[in-house]
Structure formats: C-alpha cells, structure tokens
1. Could you list, in sequence order, the residues of the stretch 375-413 that are closer than 13 Å to Leu287 by Cβ, within 16 Å of ligand 1 (Cβ to nearest atom) and among the β-branched types (Val, Ile, Thr)?
2. Is there a residue in the stretch 194-204 that is more than 16 Å from ligand 1 (Cβ to nearest atom), among the small types (Gly, Ala, Ser) and more than 24 Å from Val388 (Cα to Cα)?
3. Looking at (1) open to solvent by 40 Å² or more (accessible area, probe 1.4 Å); (2) touching a helix residue (DSSP H, G or I) at 6+ places or on another chain (Cβ under 9 Å), which one does Met347 not meet, given that it meets all the others?
4. Does the stretch 266-281 include one or more residues that are more than 19 Å from Lys426 (Cβ to Cβ) and open to solvent by less than 20 Å² (accessible area, probe 1.4 Å)?
5. Test each condition in (1) open to solvent by 50 Å² or more (accessible area, probe 1.4 Å); (2) among the aliphatic types (A, V, I, L, M); (3) outside the structural domain of Thr381 (by TED's automatic domain parsing) for Ala180 and report the one that comes out false.
6. Please go through the stretch 306-323 and pick out each residue that is open to solvent by less than 40 Å² (accessible area, probe 1.4 Å) and farther than 19 Å from Leu420 by Cβ.
7. Part of a loop (DSSP other than H, G, I, E, B) and open to solvent by 40 Å² or more (accessible area, probe 1.4 Å) - does that describe any residue in the stretch 205-226?
8. Please report, ordered by residue number, the helices (runs of 4 or more DSSP H) entirely within the stretch 272-364 with at least 3 residues that are touching a residue at least 40 places away in the same chain (Cβ under 8 Å).
Amino acid sequence: MSTSGASEIHVHRRDRVRKRLADGVLLVSAGRPPVRSRDTHYPFRPGSDFYYLTGLAEPEGILVLGGFPGGEALFVRPRDPEVETWDGRRIGPEGARARTGIERTAALEAFEEVLDDLLDGRDAVYVELERDDELLPEVLESLGRLRRGERNGRRAPSRIVDARTVMGEERLRKDAAALAALRRAVDVTVAAHHRALAAVRPGGREYEVQAELEAAFRRAGASGPAYGSIVAAGPNATILHYVENTGPLEAGALLLIDAGAEYDGMAADLTRTYPISGTFEGPARELYEVVLRANEAGIAATRPGVTIDDIHAEVVRVLAEGLVDLGLCSGGVDEVIETGAYRRYYMHRTSHWLGADVHDVGAYVTEDGAPRPLEPEFVLTVEPGLYVAEGDASVPEAFRGIGIRIEDDVRVTADGCEVLTAAAPKRPDDVEAWIRDARGA
Ligand code: MG
Ligand code: ZN
C-alpha cells in the first residue's frame, strides 16, 4: 500500500524506532478514556507514544512494531454502525490501514490470537510499564504460554523492557513535524496569554483569567491545556502546583500564569508573571528582575554539550546574587549556593524535557549516570522562580507572599539555542505594554 500525506512522518518514525528495537517487539496502546464519574468519562487522549507513531486518536488501539515480516501491525476496534451511533465513530481496520500505511491491520480480538506468535522467538518485549496496566498482564500470560511450549519449539522473550528506553531516545530529538506542532502549540499559547490579560484586573478572579486562556486554546484548534493551568494570584503563586484557580485578583499583587496548549499532540509550557495593576512596583519588581536575569542567564548557557545541571548552576548563581543583594539571604553568594540557603526561595529544578508530554520522556543521565549533554533538536524549559512564603516572618513583610516564575521553551540548535516562546514579553516594560495592549487601553 502506498503511503502519502500526513502518514509519511509516522512511517519514518516507526522505521527509526524499529531500528532501535533490534530483535525486540514493541507494544504500544492508545488507552481508553478514564472514568470521570459513574458512566461519564474524561475526554479521550491517546497515549503519547501511540499518537506519535500512528497519528491516530483511536481508543483501545494497539500498535506492534518489530518481530515479524513487515515489522508492524495495528489492532483497532471493528466498525459497528449501531455502537458508533451511540459512542462515536471508529476508524476500523481498513480505515486504519489507509490512514497509517500499516498493511497488517485487524480487529482488536485478533490481537490476543496472534500475541504468542508475535512474541515467539524474540529477544525482548518492550511495553510502557508506567501506564500500560492492561497490556502488561496479557504479555505476562503470553510469556507463560510460550515458556510452557518450549518443548514444542516455542521460545519466550527473556526480557521485558520499559518502552520509554526506546521511545525516550526517539522523542527527545524533535523531527520536523514534531517541531512544527510544537511551534504551533507555542504560538497558540502566547496568543492565549495575551488574550487572558484582558481579564487581569483588580477585583477579578483567577478563574476568569483561566476561562479566557482555555477558550483561546480551543478557539485556535488546540485540544486544550497540555496540563492543569496554574493561574495563581498573590500568595497562591508560592504554591508550586496551585490549580484551584479560585482566588481574588488584588491590586498590588502579581499573577503567575503557568499554562500551555496541546496542539497536534505536542505541549507548550509557558509561565509569565504579571502585575495585576498593570505596573511592576516595589519589592515585587525587585524580585521579578532577579528572576528575569536568572532566566536570561539560563538561556544564554543553553547550547550543545552543556547539561541541564550546568544551566541550573547558572540560574542558581544569579538567584543567589539577587537574594544576597536584597537581603533575603545572608552571607556571601558562594556560601548561599554551597549551603543551599537559596532553596528556601527556589526549591525546584530549572529544566525538563518538553514534547508530547509536558514533562517529556527521555533519559536525563547517560548510561554511567552522569548528567546528559544537550544535543541539537532537544527541547527543554528554562524556568527559574523565587517564592517567598506568606508566613515567613524572617523576611521583610513587603516580600512575603510573592511568587514569581519565568518559563521559556527552548530548542537546542547547532551552536546555541532558539527561544520558542520569545514572542511572550518578559522585560518589565514590555510586559506592562503587553497588558495595556490586551486591555485595549
Ligand atoms: Mg510550566
Ligand atoms: Zn515547565
């Protein structure tokens, strides 16, 4: 069967992954929508690996790579007009073949019938151990049958390997299609932040801002937020994973927005911190400028060969300098770094991989456990912050309850990096102008 159009990229992706598998077999499932309550479900989102390799959002689909002639097969729910009238369209085996270019497609029930044959004689079976609690028991049963059949010439794979080991390496280096989708996710995200700023005003509520953000995601064709949007005003911003988004917007406070769209299976991850009044002032401005310098230093350090630890060290140095200058840490900068005194205000790491998952797959260390040097086409975040607890009586009152994070999405290039989120302003004057523009003032 000929392949064309959108499926071409998935053909290449499957080819690359098959090479990594050697004599192993990879099983990847689409999953099914989780139950929300009783008989209602959360919206379906296909497993990241399944979508990455097939481009299909088909619940319950199972992709098999490697291990037999042609080296790929796809099992999907069969067409069923009556069921589809109630529960939605199904692609069916023929539709799946046409869309993906995979010649061997069949109804799901065939998977169980052929699983033993697929695994027989192979060296290893790769499964998504982290999420695949449905497939794994089937694999174990199949391995048991093969072992019992060894006197009859069957041979069970001797290893079960986490699929992340191959899929992490594959997905870490963004191909052209992944990068195009990521750029689109970022564009949608930046536009949505701008749009949401129209709802940032004293007297408003965090959820009003969230509503504008997420409406803008959907309106632009994104599937929605790539993770729970954080819209955190004032001291709520000092809670790192604050997701209630119910609090009031008060003049004089800052609003931290950490929200990104998911577009065509790729996640953007953008944090900006905005003055609710429209103007950065006083201690909030002083802290903001420290975080901004740290963000810029982290980005300046990002290039092939350096590690995420190196970037973190650059960021920590700038933050420590600022904390000492502002009197929030005592002692010298080196001492503040060595003792970890800065961690009271900066308790998270600076970077994570970004891609189909917001905290994307891919090993952070080399095989001997050393931090991994960056390579071109890796995409990571640079996201320093400072968070002063509301109840911290040991710091001047004016600093208490301020949380700031500035997060960019960064693509490693041949000799440096490209800030994918560069269109979202972050210098104080530029942020203030962006807010005025969003408010139409
Ligand atoms: Mg984020
Ligand atoms: Zn992030």
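1. Scanning the stretch 375-413 gives Ile404, Ile406.
2. Initial filter on the stretch 194-204 (more than 16 Å from ligand 1 (Cβ to nearest atom)): 194-195, 197-204.
Filter once more, keeping what is among the small types (Gly, Ala, Ser): 198-199, 203-204.
After this cut, where a residue has to be more than 24 Å from Val388 (Cα to Cα) as well, the list is 198-199.
Looking for residues that are more than 16 Å from ligand 1 (Cβ to nearest atom), among the small types (Gly, Ala, Ser) and more than 24 Å from Val388 (Cα to Cα), one finds at least one in the stretch 194-204, hence yes.
3. Met347 satisfies every listed condition except (2).
4. Going residue by residue through the stretch 266-281, those that are more than 19 Å from Lys426 (Cβ to Cβ) are 266-267.
Add one more test, that the residue is open to solvent by less than 20 Å² (accessible area, probe 1.4 Å), and what stays is 266-267.
Within the stretch 266-281, one or more residues are more than 19 Å from Lys426 (Cβ to Cβ) and open to solvent by less than 20 Å² (accessible area, probe 1.4 Å).
5. The number of the failed condition is (3).
6. Initially, the stretch 306-323 is screened for residues open to solvent by less than 40 Å² (accessible area, probe 1.4 Å), giving 306-308, 311-312, 315-316, 318-320, 322-323.
Once the filter is applied, which keeps residues that are open to solvent by less than 40 Å² (accessible area, probe 1.4 Å) and farther than 19 Å from Leu420 by Cβ, the stretch 306-323 yields Thr307, His312, Val316, Val318, Leu319, Ala320, Gly322, Leu323.
7. Looking only at the stretch 205-226, we keep the residues that are part of a loop (DSSP other than H, G, I, E, B), and these are 220-223, 226.
If we keep only those that are open to solvent by 40 Å² or more (accessible area, probe 1.4 Å) as well, we get 221, 223.
The answer is yes, given that some residue of the stretch 205-226 is part of a loop (DSSP other than H, G, I, E, B) and open to solvent by 40 Å² or more (accessible area, probe 1.4 Å).
8. Working: elements: 282-300, 308-325, 333-339.
So the answer is 282-300, 308-325.
The values are calculated or read from the model by the stated rules, or taken from the named source; none is laboratory data. Bear in mind the structure is a predicted one, so any value in this text is a computation, not a measurement. Every residue, glycine as well, gets a Cβ built from its backbone with ideal geometry; the counts of neighbours run over all protein chains shown. For accessibility, only protein heavy atoms count, side chains too; no ligands or nucleic acids. Shrake-Rupley method; radii C 1.70, N 1.55, O 1.52, S 1.80 Å.
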